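These notes concern the structure reproduced below.
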Amino acid sequence: MANLCKHIKDCFCLETESLLWGLICTTAVFSYSNNMVDAYISSKWYFTLLALCFSVTFLSIWNILHNKIFKIKLTTYYKIIITISLLQSLYGLYQWTRPTLNNNHWICGSFDNPTGFAACLIGGFPFALGWKAKNKIEEKAIWMFAFIVIVTIFLSESRSGILSLTIMCLIICHKHFYLKVRRLYITIGSLFFIVCLYFLKKDSADGRLLIWKCSWEMFKEAPFLGHGLNSFRANYMKYQAEYFKQSPDSAYTILADNVLHPFNEYWHILLNWGVIGLFILIIFIVFLLRIYISNPDSNKKIAILSLIGIGIFSLFSYPFSYPFIWLIVCFDLYILLKDLFNISQHLRIYLYILAIVGGMIGSYKIIQFIHAEYCWKNIAYKTSKNSLLCYNDLYKTLDKNPYFLYNYAVFLLRIGDYGKSLEITLECQKYWSDYELELLLGNILQSQGNFHAAEIHFQEAFFMCPSRFIPLYYLMELYKKNGNLEKCQTTARLIIKKPIKINSPQIHLIKTRAKQLISEAQ
């Protein structure tokens, strides 16, 4: 036992910087809080940023007092990333053996869906190459890590993860073949897997084609400078609704759903910052490749491989929604660029002071947001005077959070404050275009007696997601309430004829209600 402990200690050689790096990475991967409305993604971001601010502040003070500089031992950092990735893989395997633990997916790990799980493993996988085995035990451990990660990524059924992993493995193994054979087998192997992965979840893949098709219309309106930060979330669903207004019989109708991301990080950049933003990114990528080619070494190879894996994953998903991927990318950039900078001691002191001030301010603001999130969760499903006071107070902190604004507007609708509810909903609409938001607007306006405006929003919700029954049900009840029996019957017939995508008691009740109204009219 003593020998094993000594071996682990010698293996990691942890120092203060390494311990804090391990803390930040562990927080980014495993953070979870049931006390937040978004228990997975928001908690990871808040706690990771808090850990980062604390670490930067502490290390900057420590280095000033002891006249030291940051020490980053790459091999130790590699081992920390590998260990965290291994623990996540084992957690995923445990979920796979106990599928009842997760009602939605077999393997999610500590994430909300397989995308975050696979992205985490793809980001950590290449660093196994940096663990130089000193003996057979370590060599076997590296092979075991690679095997477990590969198996869990395939079991997760994340197509982006499987494709990224396959291409990374082909790149790692390419040195065993002649140059022409390398290019051929990488190209053919990649194309083969893309075709296979398309048919693995064909409906999901076709749904992404719909998203890219509608995104193209959005891109054409601002091709050079884009629509601005977070513009996809704020505008995309309007373009999807317009598409189905123009093509009501489209084969994509049954696949349409609420969409918050284009499932392609490069499209996301194009829509946010236009061709200029994407061109700047391409220039930076070329710059990084030139740095690697001009002075290649094993560490830079690992960094480039990691960036390639994340870059391929970004073609078909949204890995940058997770803080761990940002940490990995920043670490990769440090490895590639660290030789270009030589900071003097005088400038280093100023940077430390700036880091201390920024870290302390950042910590205060993040704690403020975490407290607000906890308070929001406590009142999210309550309706009382105390809740109203709390919402009004939280609004000062969360006034730009569209999900809070939506929740606030729903609460105001429930207590009958229609004017304030409409005001908050319209404010929410600046940050978020959504099927649920259109339904909320329709309900508020209907409660105010503005039936014509309510009809417009219910119709907009229907065109955003034509496979849904709720907008048609609301329209049917609206027409009945304002005495428009002809439109009521037409909508009821449409509900009856509409195919059911997912069986649910709610849909059957809606269809029964539609048949009842038809019978009453006859």
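Can you tell me the 0 to 90 degree angle between the C-alpha axis of helix 402-414 and the longest principal axis of the chain, rounded to 10?
Computed tilt is about 30 degrees.
How large is the helix-only mean residue ellipticity at 222 nm for the chain, computed as the sum of -39500 (n - 2.57) over DSSP H runs with n ≥ 4, divided by its residue count, in deg cm²/dmol to the nearest 500?
On the way: 22 runs with 384 residues, N = 522.
Helix contribution divided over all residues of the chain: -25000 deg cm²/dmol.
Roughly what would the spin-label model give for E242 and K132, points 7 Å off Cα along C-beta, in nm?
Between E242 and K132, the simple spin-label model gives 5.8 nm.
If R0 is 22 Å, what FRET efficiency do you get for F341 and F58 from their C-beta distance, rounded to 0.05?
After rounding to 0.05, the efficiency reads 0.45.
R290 to I349: extension gain in nm, 0.36 nm per residue of separation minus the Cα-Cα distance? Please report the intermediate quantities before stating the final value.
Details: separation 59, 0.36 × 59 = 21.24 nm, distance 3.15 nm.
Gain on extension, R290 to I349, equals 18.1 nm.
What FRET efficiency, computed as 1/(1 + (r/R0)^6) with R0 = 22 Å and r the Cβ-Cβ distance, is obtained for M360 and L281, rounded to the nearest 0.05?
Details: r = 32 Å, r/R0 = 1.47.
So, using R0 = 22 Å, E works out to roughly 0.10.
How large is ³J(HN,Hα), in whole Hz, for each residue of the range 417-430 in order, when computed from phi with the Karplus curve 6.51 cos²θ - 1.76 cosθ + 1.60 and θ = phi - 60°, using x for Gly and Pro?
8, 5, x, 5, 4, 5, 4, 5, 5, 5, 5, 4, 5, 5
Taking the Cα atoms only, what angle lies between the long axis of helix 385-398 and the longest principal axis of the chain, rounded to 10 degrees?
Rounded to the nearest ten degrees, it is 50.
Shape verdict for the chain, please, from the Cα gyration tensor: rounded (a/c under 1.5), prolate (a/b greater than b/c) or oblate. Mind showing how you got there, number by number?
Working: a/c = 2.10, a/b = 1.61, b/c = 1.30.
It is prolate, given that a/c is not under 1.5 and a/b is the larger ratio.
What do you get for the angle between helix 179-200 and the principal long axis of the chain? Use alpha-carbon atoms, 0 to 90 degrees, nearest ten.
Here the helix axis deviates by roughly 30 degrees.
Roll a 1.4 Å probe over the protein chains and send me the accessible area per residue for the chain in Å². Mind showing how you got there, number by number?
Working: 27360 Å² over 522 residues.
Counting only protein heavy atoms, the per-residue value for the chain is 52 Å².
At 0.36 nm per residue, minus the direct Cα-Cα distance, what do Q448 and K501 gain on full extension? Give it in nm, one decimal, please. Working shown, then result.
Details: separation 53, 0.36 × 53 = 19.08 nm, distance 3.30 nm.
Result for the pair: 15.8 nm of gain on full extension.
Report, in whole Å, the centroid distance computed from the Cα atoms of the range 290-355 and the range 476-516.
Result: 55 Å between the Cα centres.
What is the spin-label model distance, in nm, from C169 to D257 if the labels are put 7 Å beyond Cα along the C-beta direction?
2.7 nm
Rounded, prolate or oblate: which one fits the range 327-372, using the alpha carbon gyration tensor with axes a ≥ b ≥ c (rounded when a/c is under 1.5, else prolate when a/b beats b/c, else oblate)? Mind dumping the intermediate values first?
Values: a/c = 7.28, a/b = 1.52, b/c = 4.79.
Since a/c reaches 1.5 but b/c is at least a/b, the shape of the range 327-372 is classed as oblate.
Compute the distance in nm between two label points, each set 7 Å from the Cα along the Cα-to-Cβ direction, one at A39 and one at A146.
3.7 nm
Whenever you get a sec, compute what percent of the accessible area on the chain sits on carbon and sulfur atoms (1.4 Å probe).
Numbers: 17730 of 27360 Å².
With neighbouring chains kept in place, the figure for the chain is 65 percent.
Could you tell me whether the range 264-378 comes out rounded, prolate or oblate from its Cα gyration tensor? Rule is a ≥ b ≥ c as square roots of the eigenvalues, rounded for a/c under 1.5, then prolate if a/b exceeds b/c, otherwise oblate. Walk me through the intermediate numbers first.
On the way: a/c = 2.09, a/b = 1.19, b/c = 1.75.
Cα axes put the range 264-378 in the oblate bin.
The values are calculated or read from the model by the stated rules, or taken from the named source; none is laboratory data. Because the structure is a prediction, the values reported are computed rather than measured. Positions of Cβ are backbone-derived with ideal geometry, glycine not excepted, and every protein chain shown enters the neighbour counts. The accessibility values were calculated without ligands, DNA or RNA, using every heavy atom of the protein model including side chains. Shrake-Rupley method; radii C 1.70, N 1.55, O 1.52, S 1.80 Å.
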